[in-house]
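Engineer: This structure is in structure tokens; I'll ask about it shortly.
The values are calculated or read from the model by the stated rules, or taken from the named source; none is laboratory data. Quick caveat, the model's predicted, so the values are computed rather than measured. Reconstructed Cβ throughout: ideal geometry from the backbone, glycine too, with neighbour counts over all protein chains shown. The accessibility values were calculated without ligands, DNA or RNA, using every heavy atom of the protein model including side chains. Shrake-Rupley method; radii C 1.70, N 1.55, O 1.52, S 1.80 Å.
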Amino acid sequence: MSDDNYYTDLSSGIAATSTTQLLQQGVLSYSGGGWWNATANFQSYQTLQPDPKNPVREPYKMLPQITVNARKPICI
């Protein structure tokens with residue numbers, strides 16, 4: 001979002017106008033062959049700075065989360 005005052009300009013509710021962290025998230029999933037799957041989760045926050053005299057600190061950075069699950073039946 002390019003306007004740091006977006007929530008202040010468009011809302012009168014205290015919960016909305018005090019929002020300074022915007023979640024940006026993407027999830028990619030794949031299922032291969034019916035016995036395995038993989039998921040990648042990408043997540044970051046955009047920090048709004050509505051008051052330049054009172055800067056908001058950026059939250060921690062999160063690395064992408066990658067999960068792979070496999071369960072192939074054993075044929076006896």
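Engineer: Which members of the range 40-68 meet the condition of being over 13 Å from Q21 (Cα atoms), within 22 Å of the chain's Cα centre (by Cα) and open to solvent by less than 90 Å² (accessible area, probe 1.4 Å)?
Structural biologist: Result: A40, N41, M62, P64, T67.
Engineer: Looking at the structure I just gave you, is Y30 in contact with a strand residue (DSSP E or B) (Cβ under 7 Å, 6 or more places away or on another chain) and not aliphatic (A, V, I, L, M)?
Structural biologist: yes
Engineer: Further, regarding this structure: Considering G33, G26, which residue is modelled with pLDDT under 90, exposed (fewer than 11 other Cβ atoms within 10 Å of the Cβ) and out of contact with any Gly (no Cβ under 9 Å at 6 or more places or on another chain)?
Structural biologist: When all the criteria are applied, what remains is G33.
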